[in-house]
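We did not get these values from a lab; they are worked out from the coordinates using the rules stated. Computed from a predicted structure; not experimentally measured. FYI the Cβ positions are ideal-geometry reconstructions off the backbone, even for glycines, and counts take in every protein chain you see.
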Amino acid sequence: MTDFQDIDLTVNGARVRRRVAARQHLADFLRDELELTGTHLGCEHGICGACTVRLDRVIVRGCLVLAVQADGGTVETVEGLSDMGALKDLQEEFLARYAAQCGFCTPGMLITAHALLDGPGPVTRAAIRDHLSGNLCRCTGYQAIVDAVEAVARRRGR
């Protein structure tokens with residue numbers, strides 16, 4: 001028998017109330033319950049970064065966080081950040097530099113890069129590589145992704 005729990009959270013600016021299985025991962029909740037499929041599931045062990053979302057403005061792996069742990073919190077997905085225009089310049093640079101090939105890792109990369117660009121401190125190539133190191137990409141070799149993030153950092157005066 002699975003235990004259920006009521007949760008109340010904000011997802012991409014909208015209040016969401018649901019009854020969820022106590023052991024349902026946040027990524028599964030976003031995909032299955034809210035149909036926010038930009039949160040991809042790759043490894044389901046927190047290694048690949050495809051399920052990256054922001055929970056209370058902190059980058060988390062949606063496959064490692066239970067939906068009940070997000071109760072009372074604020075979740076931002078790639079769809080929400082994109083709809084707000086927060087990713088526009090990153091998306092343009094990813095497109096211009098062919099930084100998204102198969103696209104599977106792209107949502108997690110965009111959210112992670114956005115957090116870096118939104119945070120304190122200088123944005124150097126080394127900082128970009130370090131910040132993105134938890135997001136795996138099998139197609140690009142990372143050079144185009146780092147170039148895209150660096151271009152946006154320069155444009156933003158970072």
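Between segment 90-108 and segment 59-80, the alpha-carbon centres lie 22 Å apart. Using the Cβ-Cβ distance between K88 and R154 with R0 = 25 Å, the FRET efficiency computed as 1/(1 + (r/R0)^6) comes to roughly 0.95. Taking amide H atoms as placed 1.01 Å from N in the peptide plane, the amide H of V11 lies under 5 Å from those of V16, V75, each 5 or more residues away in sequence or on another chain. In segment 4-81, the convex hull through the Cα atoms has an average projected area of 4.3 nm², a quarter of its surface area.
Axis of helix 106-118 versus longest Cα principal axis of the chain: the two differ by about 70°, to the nearest ten degrees.
The magnitude of the dipole of the chain, with charges of +1 and -1 set on the Cβ of Lys/Arg and Asp/Glu and taken from the Cα centre, is near 460 debye.
Compared with the alpha-carbon gap, the fully stretched path from A126 to R23 is longer by 33.4 nm at 0.36 nm per residue. Here the spin labels are modelled as points 7 Å beyond Cα on the Cα-Cβ line, and at Q5 and Y98 they lie 4.7 nm apart. Computed from point charges on the beta carbon alone (+1 for Lys and Arg, -1 for Asp and Glu), the dipole magnitude for segment 85-155 about its Cα centre is near 100 Debye. Axis of helix 143-155 versus longest Cα principal axis of the chain: the two differ by about 80°, to the nearest ten degrees.
When the trypsin sites (Lys or Arg not before Pro) in segment 48-154 are filtered for DSSP coil states and for at most 15 other beta-carbon atoms within 10 Å of their beta-carbon, the remaining sites are R57, R138.
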